[in-house]
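Let me begin by presenting the structure, written as structure tokens, before commenting on it.
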Amino acid sequence: MVGRKSTVEGLAVTPNFWDGKRIFVTGHTGFKGSWLCLWLQRLGAEVAGYALDPPTSVNLFDGARVGAGMKSLRGDVRDAERLERSLREREPEIVMHLAAQSLVRRSYEAPLETYETNVLGTTAVLDALRRTQGVRAAVIVTSDKCYDLRSQKERYTEEDALGGYDPYSSSKAAAEFVTAGYRASFWMGRNGVAVATARSGNVIGGGDWSVDRLLPDLISAFSKGRPALVREPDAIRPWQHVLDPLRGYLMLAERLYGAPSGGYDAAWNFGPPAANERPVREIADAAARMWGSDASWKPDATEHPHEARVLRLDSAKAAAKLDWRGRIPLDAALERTLSWHKKFSDGADARALAIADIDELAMHAVGS
Ligand SMILES: NC(=O)c1ccc[n+]([C@@H]2O[C@H](COP(=O)([O-])OP(=O)(O)OC[C@H]3O[C@@H](n4cnc5c(N)ncnc54)[C@H](O)[C@@H]3O)[C@@H](O)[C@H]2O)c1
């Protein structure tokens, strides 16, 4: 287990809260799950994870030896019986559900798998919660893509209509509906488990090798000395360093746990600062500049499936009620991500790199 560090007040997680807490994380072998579990370990939590194998052959979970500091279970969220048994055995106080088929492009190739994992898998998690004593709080991670973008709003608040054009996006909207249905039917006002959903933007950070995500695609091309192919260069996305929304999930879990009737069992947006909402081409330009050594990109002229052109979240509710704000500026997030991968390819230890980022970007106040 990694050692612990103290932190500053406000806009941060509370280390004493997490110390010794039993946490069950689904999707712990994925990009965000690995970061979350390392952070929870750093906070002294007793962490158990339930997921399939890491989604890519090179991955943060293995590279940073995340499994060494926790109970790591291999299992499918579609296997409701096994999931429930694993949950009961671990007797968690808090559940963080991140397991998903997480890629928009893949959802066009495998829509059934996407709906089964993201909708039925989430239903299986909620159903296991319904029949397990002792869990006080759960955070169900969906996506900023769950909104119905036909209204073309400047910004989407938690009250806006859900929708989602492609199988991934609509599966995340469906996971929102299922969660709301379970909450109203079984828990709300009945002293049951306090369950919230969390919607965040496009996350970046070291240790992501997923295909069809901008930064991993750029880094892969740059490191091979080829021009990167970029889809939708004019699309505007809410970019954020992975540790910013993860901090939001942790702060939300603290409130759900501490004040189960406090109204925190709802949907929450965790978007980046407005300055981080930039077109894809600017991110590609900045990344190429920061990488140096002739790194370049060009638009991908091949046909590709529909993707939303503009997507902005309104995170005022999280600021007002959780005192959470995205606080890692885009330049810092990009610079960290690129230097993480450069150092990693130069032989640096992934665990040491990740822990340094957690300590510097998340445990301490950054430009807040
Ligand atoms: N990465 C982003 O930009 C982003 C943005 C918004 C929301 N999200 C959401 O955050 C969560 C984590 O995303 P990520 O980027 O870490 O994804 P990832 O693809 O890196 O990891 C997905 C995780 O889910 C697990 N998984 C997949 N199918 C499973 C199944 N049937 N049973 C059990 N486990 C299964 C994988 O093994 C892995 O641990 C997902 O719910 C995703 O939709 C991600």
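The residues in the range 209-235 that are more than 11 Å from the ligand (Cβ to nearest atom) and free of Cβ contacts under 8 Å to residues at least 60 places away in the same chain can be counted, and the count is 4. For the range 26-45, the set of residues classified as surrounded by 21 or more Cβ atoms within 10 Å (Cβ to Cβ) and more than 9 Å from the ligand (Cβ to nearest atom) consists of C37, L38, W39, L40, Q41, R42, L43, A45, listed by residue number. Here is a list of conditions, (1) open to solvent by less than 30 Å² (accessible area, probe 1.4 Å); (2) in a loop (DSSP other than H, G, I, E, B); (3) under 30 Å from R130 (Cα atoms), and P245 meets all of them except one; can you say which number that is? Status for P245: all satisfied but (2). The set of residues from the range 65-101 being open to solvent by 50 Å² or more (accessible area, probe 1.4 Å), within 21 Å of the chain's Cα centre (by Cα) and within 11 Å of the ligand (Cβ to nearest atom) comprises R74, R78.
Conditions (1) open to solvent by 40 Å² or more (accessible area, probe 1.4 Å); (2) under 19 Å from F31 (Cβ atoms); (3) in contact with a Cys (Cβ under 7 Å, 6 or more places away or on another chain), marked per residue:
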position	(1), (2), (3)
R131	yes, no, no
S170	no, no, no
T179	no, no, no
T197	no, no, no
W209	yes, yes, no
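On the given criteria, is D217 assigned to a helix (DSSP H, G or I) and not aliphatic (A, V, I, L, M)? So D217 fits the description; yes. Residues in the range 199-258 that are charged (D, E, K, R) and under 19 Å from L353 (Cα atoms): D208, D244, R247. Residues of the range 35-67 being closer than 24 Å to R85 by Cβ and of a type in the set (G, A, S), which ones? Passing the criteria: A45, A48, G49, A51, G67.
The values are calculated or read from the model by the stated rules, or taken from the named source; none is laboratory data. This is a predicted model, so every value here is computed, not measured. Don't worry about glycine lacking a Cβ; one is built from the backbone with ideal geometry, like all the others, and counts go over all protein chains shown. Just so you know, the surface numbers come from the protein's heavy atoms only, side chains and all, with ligands and any DNA or RNA stripped out. Shrake-Rupley method; radii C 1.70, N 1.55, O 1.52, S 1.80 Å.
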